Amino acid sequence: MPPRERILVDCKDVEYPAARAWLATWLAIAALLVVACQPGPGERDEVAELGDELDNAAFRDRVVAVVRGVAADDPDVPCALPKTAVRPIRVAVSLYDGGSVVGRGTAADDELCVSLKEAAALALAASGLEREGLEQARFVVELVDLEYALVELDGKGLELVGGLVPARVLDRDMVRRRIDEGTAYLLRVMEPELGGVHKYYHAPTDSFDDRLHTIYTASTLYTLLAVYARDRDERLRQPIERAAGFLLSMQRVAPGQPGHGAFHYSLDLRRHEREPRFVVGTTSKSIFTLIDLHAFTGDPAFLDAARLAADWLLTMQGEDGRVASELRLDANAAWSVTEQESLLYTGQVLSALSRLYEVTDDPRYLDAAARTADRLAARIEREGCYLGDDYRRPNPISSSWVVLSLFDFARAGDDPAIRKTVYDCADELLTQQIDDPADVYRHGRWLASLSSSGNGWLAEVLSELYLDCPRGDGDGCARFQGAVILLFRLLMQYTYSPANSFMTKDPAMAEGGLFWNPQERYVRTDSVCHAMNAYVFMVDRLADGVLVELPEPPLAERLGLAARSGRLVDGGGDDRGAEEEDELAAETVE
């Protein structure tokens, strides 16, 4: 797991000894600046109404103009902002350059203008940037106690909520653009010679992990094949073929030996060695992709590889349908099986066997799938649809894997009872989606699914259910489409674009990638793939025009401005931090 990457400023006052001399000089003219910020006797009413007259965009733009004026060393920079407060206003200013914070400053004063200018001056002094460097850097400004934040872009101020640049409007064209940007991202991060794909791209440092991962290569191929099926873009053929070659090279072919037919988890690029670890999820997801590669190329080698992989999966399944997680070579050079059960892996195995039966008609695969399907159906009957496993508490990601895998089995085995269970459980899952248009940070997601991977996966699963809606369904499965649309808006907030690229070292490289969550800004490949799959599945089924619109509250409401008083008051508390601490630490979708 990569190191935690901090996002927002530390709001505690930080001293910068090297900046003291510079700041003392700047403060020598501070009295003039304070006078400039104070309204005259005839201007008090005008100032008092300023909060009512400004909208959020104008307010943010004026804040940016002030910090940029301080950066330009302009002693007379105007500051037409609400000025008086019930108590000192804490302002934090951060300066980002090359994806990192290079300077921070905090200040508190009864006058917003004074706080803003002092904090900006401290941040600039700490950064040590010359004028040319300042032009490339970007400011983030927070009114700490009011929980109001913004980031600059091209001289304008953009809203920040919990470290996210919110997506307040969604339409079909945005989804179409994300497909193009996501495709370009996946092609950029594919290893150019071997064709494999890394698990992580660390956008703040513009670096990759030192392994190529089989499952992420398979997931990338699965997505590119879906894009090709829709757009018929022949430019995708060559990278697909190169990645397919890497995928086949990661299968262990050793008749009579442990792991025969399974796929190695990763390739160590430093040692050029394949990891002696075989995870059932890696092999299952590879089968998904091998089936599609066979359809894409007509080459029987891909279907042969899928059969060989499925035969190994059968060795990891017990008679009761329970699936062991992995086989690996331990420190004593002995092969050992991890018996703990993961519903993610169990679901992936069930889906792989069901899908392979559909293309081979081999009853062994359907019989094995039935054992695991019966096991999952029995759990649902005992415990309900919201499930956990040996690794995780009950959560929507594990539950959604149960839904999709039973869906695949019901389709392969033409089982109406299982199919009904699938849609009943999906409906139960929908009841836990957060539906609060006033909360742009959370609206559309599940409480225990903070990551872009988890939310992208939920969108992918619900899209598949929508596309295969049962005849006679009450609303034509429109409820699933509606849930997916809300997820799409949410995923836009996690996607690197010019608006939020201040946290990336190379914005062009990161564009189209989905960062993990507001606290962890790396891109994990499956986040991109899950979101992309859902986009591709749904884009042609979305209506024209605006799909979601979440208007920003008025400035006076957001800042807590008392009408016609010009005073800033406490903006209230927020439980977001506590909620994030309660998120599932082990949430993964591989």
Q: Tell me the label-point distance for the pair L467, D362, using the 7 Å Cα-to-Cβ offset, in nm and rounded to one decimal.
A: 2.5 nm
Q | Local electrostatic count at R328 - Lys and Arg +1, Asp and Glu -1, tallied over other residues with Cβ under 11 Å | A | -2
Q. Under a plain spin-label model, where a point goes 7 Å from the Cα along Cα-to-Cβ, how far apart in nm are R382 and D435?
A. 3.3 nm
Q | Residue among V141, Y522, N56 farthest towards the positive dipole end of the chain, charges placed on Cβ | A | Y522
Q.
Given points 7 Å out from each Cα along the Cα-Cβ axis, report the L248 to D180 separation in nanometres with one decimal.
A. 3.4 nm
Q | Part-to-part distance (alpha-carbon centres) for segment 243-288 and segment 105-120, which is given in Å | A | 57 Å
Q. If you put +1 on each Lys and Arg Cβ and -1 on each Asp and Glu Cβ, how big is the dipole of the chain around its Cα centre, in Debye rounded to 20?
A. 960 debye
Q. In the chain, with Lys and Arg counted as +1 and Asp and Glu as -1 at Cβ, which of these residues, P416, V337, S452, has the Cα nearest the positive end of the dipole, that is, farthest along it?
A. V337
Q) Length gain on complete extension for the stretch L329 to T315, per 0.36 nm per residue less the alpha carbon to alpha carbon distance? A) 3.4 nm
Q: Mind running the shape call on segment 175-310? Use the C-alpha gyration tensor, a ≥ b ≥ c as the square roots of the eigenvalues: rounded below 1.5 for a/c, prolate if a/b tops b/c, oblate otherwise.
A: oblate
Q) Within the chain, what percent of beta bridges assigned by DSSP are antiparallel, to the nearest 5? A) 95 percent
Q: State in Å² the accessible area per residue of the chain; use a 1.4 Å probe, count heavy atoms of protein chains only, and round to the nearest integer.
A: 40 Å²
**Q.** Total lysine pairs whose alpha carbons fall under 26 Å of each other in the chain (8 or more apart, or interchain)
**A.** 10
Q | Computed E for D76/D374 - FRET, C-beta separation, R0 56 angstrom, nearest 0.05 | A | 0.10
Q.
With n ≥ 4 as the cut-off for DSSP H runs, can you work out [θ] at 222 nm for the chain, using -39500 (n - 2.57) per run divided by the number of residues, rounded to the nearest 500?
A. -15000 deg cm²/dmol
Q) How much of the accessible area of the chain, in percent, comes from carbon and sulfur atoms when a 1.4 Å probe is used? A) 50 percent
Q) What residue among V189, V175, H213 has its Cα farthest toward the positive end of the dipole of segment 121-214, where the charges are +1 on Lys, Arg and -1 on Asp, Glu, each on the Cβ? A) V175
Q: Using a 1.4 Å probe and counting only protein heavy atoms, arrange K117, K156 so the residue with the most accessible area comes first.
A: K156, K117
Q | Förster-model FRET efficiency, 25 Å R0, D206 and D173, C-beta, rounded to 0.05 | A | 0.30
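The values are calculated or read from the model by the stated rules, or taken from the named source; none is laboratory data. Just so it is clear, the structure is predicted and the values come from calculations on it, not from any experiment. Neighbour counts run over all protein chains shown; Cβ positions are idealised from the backbone, glycine included. Remember, those area values only see protein heavy atoms, side chains included, never the ligands or the DNA or RNA. Shrake-Rupley method; radii C 1.70, N 1.55, O 1.52, S 1.80 Å.
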